[in-house]
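For reference, the structure is listed below as structure tokens.
The values are calculated or read from the model by the stated rules, or taken from the named source; none is laboratory data. Computed from a predicted structure; not experimentally measured. When we count neighbours, we look across all protein chains shown, and the Cβ atoms used for this are built from the backbone with ideal geometry, even at glycine. Areas reflect the complete protein model, heavy atoms only, side chains present, ligands, DNA and RNA absent. Shrake-Rupley method; radii C 1.70, N 1.55, O 1.52, S 1.80 Å.
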Amino acid sequence: MSMIDDKIPDALPRRRFDWEFFSCMPLAARIGLGIILLNVVMVFMAIFGLTPYGETEIFRDLGNWAPPSAEHWLGSDQIGRDMLSRIIYGAATTIGIALSATLLSFTMGILMGFTAAVMGGLADNVLSRIVDALMAIPTLILALVVISVLGTEIYILVLVIAVLDSTRVFRLSRAIAMDVAVMEFVEAARLRGEGLWWIMRREILPNTIMPLIAEFGLRFSFAFLFIAALSFLGLGVQPPHADWGGMVRENSQVISYGIAAPLYPAAAIALLTIGVNLVVDYILARQNRSAAAAFEEQEL
Amino acid sequence: MLNLLLRRLALGVMTLWVVSVIIFAGTEILPGDVATAILGQTATPENTAAIRAQLGLNEPPHERYISWLGGFLQGDLGMSLTSRRPVADQIGFRLENTLLLAAVAAMIAVPLAICLGLVAAIRQGTVFDRGISVSTLLAISLPEFFIGYILIFFVAVHLGWLPSMSNVNARMDLWDKLPLLILPALTLTLVSVAHMMRMTRAAVISVMNSPYIEMAELKGIRNWRIVVQHALPNVLSPIINIVILNLAYLVVGVVVVEVVFTYPGMGQYMVDSVSKRDVPVVQACGLIFATVYVGLNMTADILSILANPRLRHPK
């Protein structure tokens with residue numbers, strides 16, 4: 001009696017923390033993870049004010065574009081502020097904007113994508129056509145058009161990036177949810193009379209989570225490069241806030257005199273994107289491997 | 001096939017129309033008011049009303065849209081608010097510059113990417129493959145301005161080979177412009193080549209895995225001949241597609257690169273106008289960029305229909 005009871009599994013084994021994910025990491029992905037951690041540390045340093053100098057603290061005796069020195073590791077910027085401290089503060093601004101835009105675009109994109117996949121029919125058609133139309137225009141161009149009217153407030157930048165980016169999330173989440181939505185267990189839930197929200201959360205989401213995580217990384221690096229580009233064009237975060245794209249812009253004119261100042265914030269942007277992409281590549285490769293393994297198991 | 005082509009053309013025109021609606025709506029229906037946006041801090045009820053009248057904002061939106069689009073089709077792009085001159089006069093020279101830059105970049109990038117992609121497909125699994133994945137990673141990770149400034153820093157400033165600013169003007173002829181174009185074109189090439197190369201490689205490999213290629217191999221035909229004579233005709237249509245999609249990307253990637261090299265093209269003009277809130281110019285530039293983009297996408301589809309042997313000779 002008790003033996004039989006023991007063998008009945010709980011509804012689903014709780015997903016434990018996947019240590020294998022970290023222990024099997026190849027060198028490239030470890031480097032990527034290291035870069036991401038470094039950036040996280042910088043963000044917290046900026047939030048708690050643990051930088052060597054202040055965000056807008058000007059060193060008159062140092063002058064503009066001072067070369068790197070023991071006190072100022074990366075020298076000074078165009079009005080004599082400490083470059084390293086500005087880069088650390090910039091991390092919080094740039095990453096903060098990119099992260100909130102990505103979170104928002106994911107929420108919108110996944111909700112719309114899952115709705116389209118589960119409901120099908122008219123809802124799917126309308127949503128898909130709207131997304132098609134938005135995707136027919138290059139993202140940067142559409143963003144410029146909208147910003148020319150709405151201005152460059154930070155919440156507007158987040159909203160614009162999130163809406164434009166959610167079209168990509170919509171496409172992906174709709175496509176993966178379509179594969180899941182035709183499975184028997186979704187049909188069963190539907191016949192049980194579960195609502196749309198319940199089906200999306202309990203049936204579709206758990207089965208699509210890995211590709212969505214990889215997509216989150218890609219979308220983040222897109223949003224991050226996008227806000228950096230907007231700020232670089234002077235249409236993103238406005239001074240005196242430190243922000244990586246804006247710092248490249250502010251310091252750009254001295255590059256013709258052989259001063260590397262604009263290259264530091266630009267390198268910071270490049271480094272984080274590389275880190276995120278290295279980790280995303282690893283997640284995707286892992287996923288392909290487990291998909292291939294599942295396929296082989298089925299064959300046997 | 002004609003049917004297919006006509007349908008694609010109709011879809012293209014339809015897309016263009018929707019795009020024009022979105023761009024118009026983006027500046028007109030969104031909660032921001034154009035008149036107060038232009039005036040900024042100096043807005044008073046009187047001058048806001050004057051600007052509204054000047055822009056014709058008091059008419060209903062659909063009438064304004066029709067007259068805007070109608071003017072656009074006849075080459076009247078409206079008046080710039082800041083310079084108070086017709087936008088069309090100012091855009092001509094810049095559009096020419098942008099297309100020239102994109103063309104030079106394409107002339108370097110396309111042959112390079114196709115050759116490298118073919119070599120990579122033939123020498124699969126060698127150091128070449130690793131090179132491709134690393135360079136693709138860099139191409140999607142590095143912002144255009146980073147590559148641009150690195151080139152300026154090392155090639156223009158430290159080596160002194162080329163000028164660091166590309167400020168061409170209308171009096172220069174093509175030969176004077178070319179040296180100024182090399183660095184921006186190289187930046188665009190570096191950004192786009194990896195992607196094109198990778199897609200070419202994937203297209204060639206997928207054809208190379210088909211049975212008729214195996215047959216050719218078993219007959220003992222040389223590797224190069226298999227690729228060029230047997231695989232290429234079938235790969236042509238995906239490659240054309242890849243190339244044109246990347247050209248479409250170049251036309252937009254040009255915006256940031258123009259600002260980096262202070263090159264007087266459409267992209268720089270549009271960015272300037274956005275910061276000055278010069279809405280008619282932004283609308284015009286936006287519509288032109290979007291038209292080129294949509295047009296290239298449509299061309300890609302049409303050419304790949306034409307280049308596809310199976311569609312050209314239907315059974």
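For the reader, a short list of remarks on this structure follows.
- Share of pairwise Cα-Cα distances greater than 44 Å in the protein assembly as shown is 26 percent (whole percent).
- Legend: helices of chain B (whole DSSP H runs) are marked when their alpha-carbon atoms reach 30 angstrom or more along the helix axis and their mean Kyte-Doolittle hydropathy is at least 0.0; marked are B:2-28, B:87-122, B:174-208, B:232-260, B:279-307.
- Apportionment of accessible area to carbon and sulfur, the protein assembly as shown, percent (1.4 Å): 65 percent
- When +1 charges are put on Lys and Arg Cβ atoms and -1 charges on Asp and Glu Cβ atoms, the dipole computed for the protein assembly as shown relative to its Cα centre reaches about 1340 debye.
- In this structure the amide hydrogen of B:M79, modeled in the peptide plane, comes within under 5 Å of the amide hydrogens of B:V87, none closer than 5 places in sequence on its chain.
- Sum of -39500 (n - 2.57) over DSSP H runs of 4+, divided by residues of the protein assembly as shown (222 nm, nearest 500): -24000 deg cm²/dmol
- Loss of accessible area when A meets B, both sides summed, Å² nearest 100, probe 1.4 Å: 3500 Å²
- Top positive-direction residue, dipole computed over the protein assembly as shown with Cβ charges, set B:M14, A:I110, A:A268: B:M14
- Loop sites in the range A:18-123: chymotrypsin sites (Phe, Trp or Tyr not before Pro), DSSP, at most 11 other Cβ within 10 Å: A:F48
- The figure for A:R286 is an accessible area of roughly 50 square angstrom, using a 1.4 Å probe on the protein chains alone.
- Summing Cβ point charges (Lys, Arg +1; Asp, Glu -1) relative to the Cα centre of the range B:91-312 gives a dipole of roughly 520 debye.
- Max mean-square fluctuation residue, GNM over chain A, Cα-Cα springs under 10 Å, options A:D243, A:D165, A:D124: A:D124
- Choice from B:V127, B:V193, B:V19 with maximal GNM fluctuation in chain B (Cα, 10 Å cutoff): B:V127
- Cα-centre dipole for chain A with unit charges at Cβ (Lys and Arg positive, Asp and Glu negative), debye to 20: 260 debye
- Sites B:V119 and B:K219 - FRET efficiency at Förster radius 25 Å, r taken between beta-carbons, to 0.05: 0.60
- When the Cα positions of B:I213, B:G286, B:I140 are compared along the charge dipole of chain B, B:I213 comes out farthest toward the positive end, with charges on each C-beta of Lys, Arg, Asp and Glu.
- Fraction in percent of alpha-carbon pairs per bin - 10 Å, the range A:210-250: 33, 38, 20, 9
- For the range B:40-179, the normalised intensity computed at q = 0.17 Å⁻¹ comes to -1.10 (log10 of I(q)/I(0), Debye sum over alpha carbons, equal scatterers, no solvent).
- Solvent exposure, largest accessible area first (probe 1.4 Å, DNA, RNA and ligands not counted), of B:S210, B:S20: B:S210, B:S20
- Within the range B:127-190, chymotrypsin sites (Phe, Trp or Tyr not before Pro) in DSSP loop having at most 14 other beta-carbon neighbours inside 10 Å: B:W161
- Tail beyond 17 Å, pair distance distribution of the range B:156-246 (Cα, percent): 64 percent
- Normalised Debye scattering of chain B at q = 0.07, 0.11, 0.16 Å⁻¹ gives log10 I(q)/I(0) of -0.38, -0.84, -1.30, counting only Cα atoms as equal scatterers and leaving out solvent.
- Probe 1.4 Å, accessible area per residue of chain A, Å²: 50 Å²
- Residue of A:A267, A:A242, A:A92 that the Gaussian network model of chain A assigns the largest fluctuation, springs spanning Cα pairs under 10 Å: A:A267
- Semi-axis lengths (Å, descending) of the ellipsoid that matches the C-alpha gyration tensor of the range A:26-295: 42, 21, 14
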